[in-house]
Amino acid sequence: MRCDRRGFLMIGGLALAGCTARATGGRSDSSSAVPPSASSQPAPASSPAPTSSAPPVPTREEIVAQLGSQTPVEWGLEVPGVVQRSTSPQVALTLDACGGPSGSAVDQQLIDLLRTSQTPATLFLNARWIDANPALTEQLIAEDLFCIANHGTQHVPLSANGRAAYGIPGTASIGAAYDEVMGNQHKLTALMGEPPRFFRPGTAHFDEVCAAMVRALGLLPVNFDINADNGAPASTSAVVAAMDGAVPGSICIGHFNQPAGSTFEGLAQAIPRLRSAGLTFARLDEMTLS
């Protein structure tokens, strides 16, 4: 993920760097080296490398000790602690890749549309989809157009007590929820060289205890206010109609792992319509979220 240093998150009132800019191949330092003979002064002693101010990520045992006894009350797409919108003037297009037996395909037309139209997007990748598409994953990570985010390990709802969504059982405990988040977090961190900053579970369902856990792990739990494709079965006209509801600060969800759906056709119409209305697009790491 190549991210703008200017992007930042607001978590608990603290501004955290959204991502660390990564070196671009071929870039050279513009300053010229001074020959040793040019100065008789000794070279300054090397300064120690700065240490990171980010707090360490809690262990599974620490999370269980902190949150394992809490009983959740809230459940769904909109629970305390989960971001639904941004206060920035842009629109965020977020696209999920869910993985699994019926979810590991690639809507190449949609990816190409984003590239040709230069539409930035945040891509939430599930571990199963990554395993099925390793070469494409590496390509997407390397592109400035995209910010890569965590979409879980097994693509299940994030629950502290096993609640289900759409017939899919959620994680049975806070420890299992930790595993669902951190299994893919470790995978993506190894691929990217830096940890993802955003998390959305399978089905996008949380309880408030798990939302608090995600924040404690240094990620921001992000959902949406615009459901563009209803999980991918929406028609072209339905995608366009949903996207027409976007306003400054909207976070839109779609899918790029279901090429048989109409997400590509709908977004191909919706993106220029929104731009004609004066809206612009940005990755989540370029926006203000709290």
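Quick look at the values:
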| read-out | value |
| --- | --- |
| Selected residue (only one of Phe224, Phe199 is under 19 Å from Glu286 (Cβ atoms), modelled with pLDDT of 95 or more and open to solvent by 10 Å² or more (accessible area, probe 1.4 Å)) | Phe224 |
| Residues of the stretch 240-253 satisfying the condition of being buried (at least 22 other Cβ atoms within 10 Å of the Cβ) and out of contact with any Phe, Trp or Tyr (no Cβ under 9 Å at 6 or more places or on another chain) | Met243, Ala246 |
| Unmet requirement for Ala149, which otherwise passes all of (1) under 18 Å from Asp131 (Cβ atoms); (2) free of Cβ contacts under 8 Å to residues at least 60 places away in the same chain | (2) |
| Qualifying positions in the stretch 261-278 - touching a residue at least 12 places away in the same chain (Cβ under 8 Å) and surrounded by fewer than 17 Cβ atoms within 10 Å (Cβ to Cβ) | Gln269, Pro272, Arg273 |
| Ala234 vs. criteria over 16 Å from Gly99 (Cβ atoms) and part of a helix (DSSP H, G or I) | no |
| Of residues in the stretch 167-196 being among the β-branched types (Val, Ile, Thr) and part of a helix (DSSP H, G or I), the one surrounded by the most Cβ atoms within 10 Å (Cβ to Cβ) | Ile174 |
| Output for the stretch 128-155, where each listed residue is of a type in the set (A, V, I, L, M) and open to solvent by 30 Å² or more (accessible area, probe 1.4 Å) | Ala132, Ala135, Ala142 |
| Within the stretch 135-161, tally of residues that are assigned to a loop (DSSP other than H, G, I, E, B), in contact with a helix residue (DSSP H, G or I) (Cβ under 6 Å, 6 or more places away or on another chain) and over 16 Å from Gly183 (Cβ atoms) | 1 |
| Answer from Leu125, Leu114 - the residue that is free of Cβ contacts under 8 Å to residues at least 60 places away in the same chain and open to solvent by less than 60 Å² (accessible area, probe 1.4 Å) | Leu114 |
| Exclusive hit being within 19 Å of Glu78 (Cβ to Cβ), aliphatic (A, V, I, L, M) and open to solvent by less than 30 Å² (accessible area, probe 1.4 Å), set Ala160, Ala164 | Ala160 |
| The one condition in (1) within 30 Å of Glu62 (Cβ to Cβ); (2) in a helix (DSSP H, G or I) that Pro272 fails to fulfil | (1) |
| Cross-chain or 6+ apart pairs with Cβ under 6 Å, the stretch 202-226 first and assigned to a helix (DSSP H, G or I), then surrounded by fewer than 21 Cβ atoms within 10 Å (Cβ to Cβ) and polar (S, T, N, Q) | Val209/Gln70 |
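The values are calculated or read from the model by the stated rules, or taken from the named source; none is laboratory data. Since the model is a prediction, treat every value here as computed from it, not as a measurement. Note: ideal-geometry Cβ built from the backbone for every residue, glycine included; neighbour counts use all protein chains shown. Heads up: the accessible areas ignore ligands, DNA and RNA and are worked out on the full protein's heavy atoms, side chains in. Shrake-Rupley method; radii C 1.70, N 1.55, O 1.52, S 1.80 Å.
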